[in-house]
Structure formats: C-alpha cells, structure tokens
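Notes follow once the structure below has been shown.
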Amino acid sequence: MSVALLALALLPVAQAEDGYELWLRYRPLEAGQQLRYRPHLAQLVAPASTPTQRVAREELLRGLGGLLGQAPAVADAPSAAGAVLVGTPASLPALAGLGLDLEGLGDEGYLIRSVELDGRPATVVAANSDVGALYGSFHLLRLLQTRQPLDALDLRQAPKVKLRVLNHWDDLDRYVERGYSGQSIWNWHLLPDWLDPRYTDYARANASIGINGAVLNNVNANAQILTPMYLAKVAALAGVLRPYGIRVYLSARFSAPMEIGGMDTADPLDPAVQRWWKDKAAEIYARIPDFGGFLVKANSEGQPGPQDFGRTHADGANMLAEVLAPHGGVVMWRAFVYSHEEPDDRHKQAYTEFVPLDGSFRDNVLVQVKNGAIDFQPREPFHPLFGAMPKTPLMMEFQITKEYLGFATHLVYLGPMYEEVLRADTHAAGPGSTVAKVVDGSLDGHAISGIAGVANIGTDRNWSGSHFDQANWYVFGRLAWDPYLDSRTVAEEWVRMTFSADPAFVEPVVAMMMGSHQAAVDYMTPLGLHHLMGRGHHYGPGPWVEGGPRADWTSVYYHRATREGIGFDRTTSGSDAVSQYAPPVAEVFNDPERVPEDFLLWFHHRPWTSRVSSGRSLWDELVHRYSRGVAQVEWMQRTWDGLRGHVDAERHHQIERFLAIQRKEAQWWRDASIAYFQTFSRLPLPEGEAPPEHPLEYYKALEFPHAPGDTQ
C-alpha cells in the first residue's frame with residue numbers, strides 16, 4: 001500500500017448510524033480527551049442493590065466504557081485515585097462522612113463534586129434518593145459528551161418543576177394522532193407478556209433529561225384503557241419505567257362509568273359514580289402502587305365531560321381528585337376547551353370558562369394550559385390564563401410533535417419558541433411575573449407544578465421521524481427540568497452529543513437550529529397570522545378554507561382578509577381578548593404601534609397600505625417575510641451541504657433530503673399564501689419578488705386524504 005493510501009485508510013471515518021441511540025451514543029472521545037478524563041474516572045463505586053441503583057451503574061459503565069474506550073474498574077469502596085462514588089449517604093457509607101450538604105435537593109436533585117478521599121482525588125455524585133443519583137449519573141456523562149472539564153467540580157441541580165410529563169396521543173390500535181414517526185411504541189397486543197427492549201431505551205432517554213412521567217394514551221381517550229385487561233398491560237409498562245424514575249399516567253374518559261361500568265350516568269356529583277371511580281382508583285393502585293394519576297380532556301371537541309350533566313370543570317376534576325388523593329395521585333385537567341355555542345373569539349373561551357373557577361379546585365388538581373390560546377400555532381402570544389388563576393396550579397402544555405410546523409420533515413427547533421413563552425412577562429404580580437414563574441409555582445407559592453409535552457415519539461428507528469426532531473424531545477426535557485435554561489445552550493449540548501463536538505460543525509448547525517423557528521413562522525404565518533393550514537390534515541397552506549360545521553375551524557375566521565386589510569381585531573374595540581391579560585400587557589397588545597410585530601395581525605386588523613417598522617407597507621412586509629422564510633431554508637441547505645464529512649453519510653443524507661422537502665414546501669406556503677392574499681390586497685408584488693409559480697386555483701385544488709396523523 002502506498003503512503004498516500006495508508007494515510008487515507010487511517011483517516012477517521014464517520015460510522016453509519018440510524019439515529020436510534022439519540023443523544024446517548026457514547027462514541028469514543030478524541031484520544032487527548034480520553035487521556036485527560038481517565039485519571040478522574042478510574043474506578044466506579046456505585047451500589048446495585050435496587051433496580052434504580054443497578055440502572056445507574058449500568059449506564060455509567062456503558063457510557064464511560066464507550067466514551068473512554070475502557071470501562072472503569074468496579075469496587076465496593078474507593079481504593080484508588082480517580083474513584084467515582086455514586087449514591088446516597090444511606091446506600092454508600094463512604095459518602096456519609098464527607099459532610100455533603102444535600103439539603104434543598106429534594107428527592108430528585110443531586111450534587112457532583114470533586115473531593116479528596118484519604119489524600120486521593122475523587123468525584124462524588126450524591127443525592128437523597130436513588131433516582132437523584134441516576135439523574136446525576138446522566139449529568140456526569142453529559143459533561144464528558146460535551147467535553148467539559150472535570151477539575152474542581154461543584155454542581156448542584158434540582159428540578160424546578162415537579163411533574164415533567166410526556167403526553168402520548170397514542171390510540172390502543174397503535175395509531176398516533178398528530179404522530180409523524182410511525183406507529184405507537186406501545187404494542188398493546190403483545191403486552192404484558194412481551195416487553196420490547198425499546199421500552200427500556202425510551203426510559204433511559206427520558207431519565208437522561210429528567211422526564212419523570214408518561215401519559216400512555218391519547219387525550220381523546222378510549223375507556224377500554226381502564227379495563228382489567230389493559231391495566232395489566234399498563235402495569236407491565238410501569239415496571240419497565242419505574243427504575244428510571246418515571247411514573248405512568250392514563251388519559252381517563254369521563255364517561256367511562258357508562259361505557260365500561262354499565263351505569264346510566266357519569267354525573268360527578270352522583271354518589272354511585274363517585275363510588276365507581278373510587279373502586280377503579282383502588283384497582284389501579286393495587287396493580288401500580290406508584291400510578292401518577294389521570295389526564296382529562298373534557299367538554300372539548302366532542303369529548304364527554306361534567307358539563308354534559310350540568311356540572312362545572314371543577315366538579316369533574318375534584319371528583320377524580322378525591323379518589324386519587326389517598327393514593328398520592330393527581331388530576332391534570334386540560335383547559336383546551338371551547339363551548340358548543342360559537343363565541344365571538346375562540347381565543348377567549350378557556351379564560352371565560354376557567355377563571356371563575358379559580359380557587360375551587362382540590363389541591364391535587366393541575367389545570368393544564370396550552371402555551372397559546374388557539375392551538376399550538378407556529379407562534380402564539382402566551383395564553384391569557386397564565387397569571388389569571390393565582391389560586392390554581394397551572395401546568396404548561398407544549399407540543400413537541402410538529403402538527404403545524406411541517407410534521408417531521410421540516411427542520412424547526414422548538415427551543416426558542418418554548419423559551420419565548422416561558423420568558424413572557426404576564427405582569428400578574430408586577431414586572432417579572434413570567435410564565436415560567438407561574439408554571440414552576442414560585443409566583444403564587446404552589447407546592448405542585450408541572451410541564452407536559454405532546455410527544456413526537458414513534459416506531460421509526462430514529463424515534464421522531466427525523467434526526468433534528470430529536471432535539472425537540474431533548475429541549476423539552478431540559479426546559480421542563482429548568483424553565484430558565486437558554487435554548488441555545490441546550491441546542492449546543494444536543495448537537496455535541498448527537499453528532500459532533502467539532503466547533504466547525506457545532507457552530508453552523510446551532511445557527512441553523514436557532515433560526516429555524518422564525519423561518520417557519522415567516523413562510524407559514526408571518527406577522528401574527530394563524531390557523532392558515534389545510535383542513536383536517538394541517539399539512540400545507542389553506543388560507544382559503546371556509547365553511548364546515550364551525551366557523552372557528554376555518555382559516556377565514558382567523559385572518560379576516562378584506563379589500564381594506566387583514567388581521568383579527570382583538571382590541572378593546574374588537575373582540576376585546578386583550579383585556580384578558582394584565583393591564584400593562586393589554587395596553588401593549590391593544591396598541592398597533594407598540595404590539596410586537598410578530599403578533600400584529602393576531603391582535604389587529606390593519607390596512608394593506610399601513611406602514612410597519614421596516615418602513616414597508618403591510619403588504620410588502622408580508623411578501624418580504626414569506627420570501628425571507630424560504631431564503632432561510634435555502635441557507636440551511638447550503639450550510640448542511642458544506643458539513644458533509646463531519647457526520648456519517650446515512651444521517652447526512654436523510655437530513656439533506658428532508659431539507660429539500662422543506663425548501664419545496666416553504667416555497668409552496670409562500671406562493672399559495674401570496675396568490676390568495678393578493679386577491680384581497682390587489683397590490684403588485686414588491687420589486688424583485690417572484691410571482692407564485694402557479695395560479696391560485698392550482699393550490700386550492702391540492703388534496704391530501706392520507707396525510708399522517710389526521711383523524712378527520
């Protein structure tokens with residue numbers, strides 16, 4: 001072999017990968033990094049007498065062995081320099097004499113500290129519980145994966161939110177509503193006898209980012225999940241998830257007493273109904289002692305609920321809360337509701353129904369509120385309920401699956417969107433009353449708090465349909481643990497762990513991610529437009545959608561385009577939705593000169609020729625933003641193409657092809673939207689802007705009867 005060929009053969013080759021390992025790949029670090037880390041990680045002292053202790057030790061051996069090229073020696077007590085001690089003072093006596101301050105870390109927190117034992121350097125991962133030590137173990141591995149120094153460590157971490165839960169919109173037939181990554185991972189037919197190893201990998205991934213709960217079934221619930229046959233299956237899954245600190249929850253169908261209990265009513269004030277639920281709760285807890293509780297969607301989109309019997313949401317939630325309370329369970333009662341009677345503005349409905357009930361819910365009830373008042377739109381102002389119910393714990397509901405953001409093919413990193421909402425100031429108790437402070441309970445002193453995310457997980461090998469959608473699962477977990485984290489920092493972590501730590505790769509990829517959400521908003525719903533997608537499937541543009549059973553299921557209801565202008569007037573002279581916010585916020589949203597331009601048409605109906613901050617007319621700015629979104633996707637394509645060789649060919653190729661799909665569909669969104677709205681503005685395109693590729697009728701004629709995730 002020639003010298004040149006030998007040199008080529010010795011070059012590092014990116015190993016083909018399919019994305020299954022997510023951010024837990026544990027590929028060998030660079031030789032120099034291994035040499036720096038090994039002296040700190042020469043010996044592992046970690047008990048393995050409980051299931052959680054065992055999975056923590058196994059994860060450390062797996063991770064350290066992969067990253068360092070060799071696993072550390074395992075010992076019962078520290079006996080060498082570079083020992084890593086993992087556990088609690090109760091499980092590992094060597095920790096008890098170190099004077100570690102574990103107060104304030106709770107049941108899930110941990111500390112990671114560099115110490116000296118008998119004159120030898122050591123690292124401790126200490127907690128008050130086994131699950132805290134598990135979380136600390138994952139943090140230690142993350143430090144290595146992201147190439148952080150291990151000298152003089154002194155880290156203290158505890159979750160700021162108590163319940164950090166994935167909501168699986170999975171049906172019992174394995175269909176996933178709004179799912180774009182294959183079937184449900186729960187194989188109900190083979191449970192409880194076959195426990196797919198994927199369930200364990202799911203648990204590992206969630207524990208690595210601090211998720212501690214999973215609602216296994218769709219909020220549009222099937223009462224069969226509460227029958228003995230299915231509870232046996234749920235119990236089997238709970239057994240897999242339990243060592244990783246994850247509790248299972250179920251979506252409960254409110255009419256279950258009628259559908260599987262043989263009763264003629266589900267009235268929450270009926271003593272027989274209350275007794276049925278009490279017995280059902282006892283049956284569940286006999287099988288699953290650490291069962292988390294119920295998620296309930298009631299009196300929304302046709303789902304049964306207490307209003308069917310003349311009762312309130314509080315009546316329904318409290319009835320379930322009372323039967324769960326003796327077992328330590330909670331009720332997560334969704335606030336995504338709208339009445340049978342069509343209102344003047346759907347934005348206002350949840351506030352109207354729930355604010356009068358503030359203070360009437362039991363202590364173990366959380367009202368679960370979507371981040372915005374309409375329905376997971378590409379961008380929404382924060383939901384007016386945040387800050388408006390100080391006597392009630394409000395649980396944030398984010399959507400991780402991208403129902404309105406290009407399904408699984410579009411690269412849209414949701415971290416900036418989550419961060420934007422969490423940092424929004426409600427002014428409910430003065431300046432600084434952020435949504436994050438409402439959600440974590442600190443603003444109003446609630447002992448219970450929660451964040452839920454509608455999962456994007458399916459049976460696809462890469463879990464989420466595309467490799468970059470894994471980042472949305474990851475950032476959800478990290479922000480659920482700490483809502484004050486910076487989404488860019490989280491993106492950098494994920495890129496380093498998932499692909500490469502090479503700055504020449506990390507910096508441009510993080511730039512792609514951080515600009516991707518704004519790009520999608522630009523080519524889909526710029527300047528506060530919303531609900532412009534195709535009917536039912538929500539795939540692609542449909543600003544012309546009208547008719548059907550309800551006006552507020554159409555696009556024209558929301559954009560209200562006329563010859564004079566465009567936008568939904570929610571000011572004090574319109575629907576007055578602005579008045580649902582605290583006065584300092586309402587004043588800003590009510591003023592077209594002060595409202596953030598990203599929400600201009602959400603709150604205002606504006607003339608096509610009115611001027612915006614850029615100096616352009618509203619029409620010209622709309623066209624500019626549509627085109628800007630397409631241009632950003634083109635930039636992402638060029639950037640990714642230039643990174644070939646930094647990542648394995650298999651993942652690079654799929655991302656490359658998905659970016660091509662995104663480019664084509666961004667152009668489709670731009671052209672169809674401009675073609676439609678130009679019929680109202682009747683204004684020419686700004687100079688240099690290309691006309692739509694096809695006439696409007698072409699776009700209106702497109703149909704997608706088999707789009708994934710659509711139940712309609």
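Antiparallel beta bridges, as assigned by DSSP with both residues in the chain, represent about 30 percent of the total such bridges. Loop-only chymotrypsin sites (Phe, Trp or Tyr not before Pro) in the range 653-712, please: DSSP not H, G, I, E or B, and at most 12 other Cβ atoms within 10 Å. Sites meeting the loop and neighbour criteria: none at all.
Listed values for the range 213-230 are Karplus-derived 3J(HN,Hα) couplings in whole Hz (6.51 cos²θ - 1.76 cosθ + 1.60, θ = phi - 60°), namely x, 9, 8, 7, 10, 4, 5, 7, 7, 9, 4, 4, 4, 9, 7, x, 4, 6, and x replaces Gly and Pro. Under a 5 Å amide H cut-off, with hydrogens placed 1.01 Å from N, Leu44 pairs with Ala73, Val74, Ala75, Val84 among residues at least 5 apart or on other chains.
Could you please state, rounded to a whole Å, how far the C-alpha centre of the range 421-490 is from the C-alpha centre of the range 357-382? If we compute the Cα centre of each part, the gap is 14 Å. Annotation: for a label point projected 7 angstrom from Cα along Cα→Cβ of Ser49, residues of the range 71-107 with backbone N closer than 11 Å are 90-93.
Estimated translational diffusion coefficient (Stokes-Einstein, Kirkwood radius over Cα pairs, 20 °C, 1.002 mPa s) of the range 16-55: 163 µm² per second. Derived scalar couplings between HN and Hα for the range 190-207 equal 8, 6, x, 7, 10, 9, 4, x, 4, 4, 5, 5, 4, 5, 4, 4, 5, 5 Hz in order, rounded to whole Hz, by the Karplus curve 6.51 cos²θ - 1.76 cosθ + 1.60 (θ = phi - 60°), x for Gly and Pro.
The lysines within cross-link reach of Lys348, meaning a Cα-to-Cα straight distance under 28 Å and a gap of 8 or more places when in the same chain, are Lys297, Lys370, Lys391, Lys402, Lys437. Considering the chain, its Cα convex hull presents a mean projected area of 34.0 nm². Look at the dipole of the chain built from charges on Cβ: of Ala504, Ala577, Gly534, the Cα furthest out on the positive end belongs to Ala504.
Dimensions of the range 33-145 from C-alpha coordinates, computed as largest minus smallest value along each principal axis and given longest first, are 35, 30, 23 Å.
Here the convex hull built on the C-alpha positions of the range 198-350 has a volume of 120 cubic angstrom per residue. Remark: C-alpha extents of the range 91-237 on the principal axes read 60, 31, 28 Å, sorted largest to smallest. Using the Cβ-Cβ distance between Glu687 and Glu650 with R0 set to 41 Å, the FRET efficiency works out to roughly 0.40. List the residues of the range 240-255 whose backbone N lies under 13 Å from a point placed 7 Å from the Cα of His327 along the Cα-to-Cβ direction. Zone members listed by number: 248-252.
Farthest towards the positive end of the charge dipole of the chain, among the residues Leu195, Thr352, Gly387, is the Cα of Leu195, using unit charges on the Cβ of Lys, Arg, Asp and Glu.
Our estimate of slack between Asp363 and Arg198, defined as 0.36 nm per intervening residue step minus the Cα-Cα distance, is 55.8 nm. Computed 3J(HN,Hα) for the range 55-61, one whole-Hz value per residue from the Karplus formula 6.51 cos²θ - 1.76 cosθ + 1.60 where θ = phi - 60°, is 5, 5, 5, 4, 5, 5, 5, glycine and proline marked x. Look at the Cα gyration tensor of the range 28-97: its axes a ≥ b ≥ c give a/c of at least 1.5 with a/b at or below b/c, and that counts as oblate.
Close amide H pairs (under 5 Å, H built 1.01 Å from N) link Ala428 with Ser433, residues at least 5 positions away or on another chain.
One quarter of the convex hull surface built on the alpha carbon atoms of the range 566-624 amounts to 3.7 nm², the projected area averaged over directions.
Throughout, read-outs are computed from the coordinates displayed, never taken from laboratory work. A quick note: this is a predicted structure, and the numbers were derived from the prediction, not measured. Positions of Cβ are backbone-derived with ideal geometry, glycine not excepted, and every protein chain shown enters the neighbour counts.
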